[in-house]
1. For segment B:298-367, which chymotrypsin sites (Phe, Trp or Tyr not before Pro) pass both filters: DSSP loop (anything but H, G, I, E, B) and at most 13 other C-beta atoms within 10 Å?
2. Taking the Cα centre of segment B:183-247 as the origin, how large is its charge dipole in debye, to the nearest 20, when only Lys and Arg (+1) and Asp and Glu (-1) carry charge on their Cβ atoms?
3. How long, wide and thick is segment B:104-240, going by the Cα atoms along their three principal axes, in whole angstroms, largest first?
4. Show that you can apply the helix-only estimate: for chain B, add -39,500 (n - 2.57) for every DSSP H stretch of four or more residues, divide by all residues, and state [θ] at 222 nm to the nearest 500.
5. Can you give the FRET efficiency to the nearest 0.05 for B:Leu359 and B:Thr248, using r as the Cβ-Cβ distance and R₀ = 35 Å?
6. For chain B, take the longest principal axis of its alpha carbons; what is the angle in degrees between that and the long axis of helix B:28-44, to the nearest 10 within 0 to 90?
7. Quick one: angle between helix B:151-161 and the longest Cα principal axis of chain B, in degrees between 0 and 90, rounded to 10, please.
8. If the convex hull of the alpha-carbon atoms of the protein assembly as shown is projected onto planes in all directions, what is the mean projected area in square nanometres?
Amino acid sequence: FPATSSDTQEQDAQLVQKYLESYYDLKNDVTKIQKQKSSSPEVEKLKQMQKFFGLKVTGKPDAQTLNVMKQPRCGVPDVAP
Amino acid sequence: FEITPGNPHWENTHLTYRIENYTPDLPRAEVDHAIEKAFQLWSNASPLTFTKVEQGQADILFSFVWGDHHDNNPFDGPDGYLAHAFQPGPGIGGDIHFDEDERWTNNIKKYNLFHVAAHELGHSLGLSHSSDIGALMYPSYVTSEDILLAQDDINGIQALYGPSNNPIQPTGPITPQACDSTLTFDAVTTIRGEVMFFKDRFYLRINPFYPEVELNFISVFWPNLPSGLQAAYEVSERDEIHFFKGSTYWTAQGQNVLQGYPKDIYRSFGFPRTVKHIDAAVSEEESGKTYFFVANKYWRYDEYKRSMDAGYPKMIAHDFPGIGNKVDAVFQKNGFFYFFHGTRQYEFDPKSKRIVTPLRANSWFNC
């Protein structure tokens, strides 16, 4: 597999954040102040997304997860806000 | 399926709709037709009826908009978000917005308006996204020639509004599940070191590097192939895969279906006109001989000479003892043939002409 450039990594990180905010009700303003927990809201939302799409539930934005996130789709969230 | 949280749904089953504006990508009549067809999918499966109004109030309002269109859900330019819809309710409730930055079509090119309208209507009627990849309510857009309600969608709409008033209740396709013990296959073939199993509109794919089975639409790889393939085989030396349905076949290299297909099996392979379809096919890598299974007989084709060997067809039961009189699918791996018939599978050694192991059809999926 080709190495990922840091630019691509940054773009992917933004994609994951935006995707989870749009479709999994991830709040982007609450994570930074809270004490670090073993599982961040982003990881939990990512797991929720991976379970929904039948992907391997890792809590990490692996290649398969990013592939699904890059697919064109309906703008309605997958979970209720 | 998932019902929208809070169970919002229309109290009245006779709904009205209006098309506020039209996309320039299609003639107006084509837009009308796409939306009418989308409504028909849902009205056929439920007691709901839909009437178009030309002006004034309507329950469901369609519009083509772009960018920030003042509903707190801005569109994002080409690709990405394609459309969105609001849950049943007054005012904006039930309304559907299409992103005008997309190119709307009435064919398999991206993005088919009928397909997207049908999905969004599901939301307008109170359905949320389904995690069933075969359902119309699955959130991602997948190119498909067959745009229809899956059984999952029908179950969803009927959970909200009850069964259809038609005496014969509609049914829809059920998405195959890898670990369903009743799973059968239309065709199986190796492809560049992987194995792909075909069933209705779907493929199931196993890869030695990934433990999970991948399930998706055949159209994801080969948009021009039909669903319900009947046979497939790989000629690895030429990096070709042949797909068969009825008396026609297609040849692909990787994801590309080659120009000039479909062709007929009579001129290319020399089958007599009495052969209407092929049940299964496999090419033996070492000898370059391809075996075609048709009802209770089989034919042998020479991939080097590109002609049928003399003396065929022969009886399957005679030369492949134990596998029965009919084959659904077959592929070769590690020197063995794997024959599928219903929910059964046989690992067959072509050298000793004996079954090595009987297996379940889905034995490859680590269930």
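1. Filter output for segment B:298-367: B:Tyr304.
2. 180
3. 54, 38, 29
4. The helix contribution divided over chain B gives -4000 deg cm²/dmol.
5. For B:Leu359 and B:Thr248, the calculated efficiency is 0.65.
6. Compared with the principal axis, the helix lies near 80 degrees.
7. 20
8. Computing the convex hull of the Cα atoms and averaging its projections yields 26.0 nm².
Read-outs throughout are calculated quantities, based only on the coordinates presented, and are distinct from any laboratory measurement. As the structure is a prediction and not an experimental result, all values here were calculated from the model. Glycine gets a Cβ as well: all are built from the backbone with ideal geometry, and neighbour counts include every protein chain shown.
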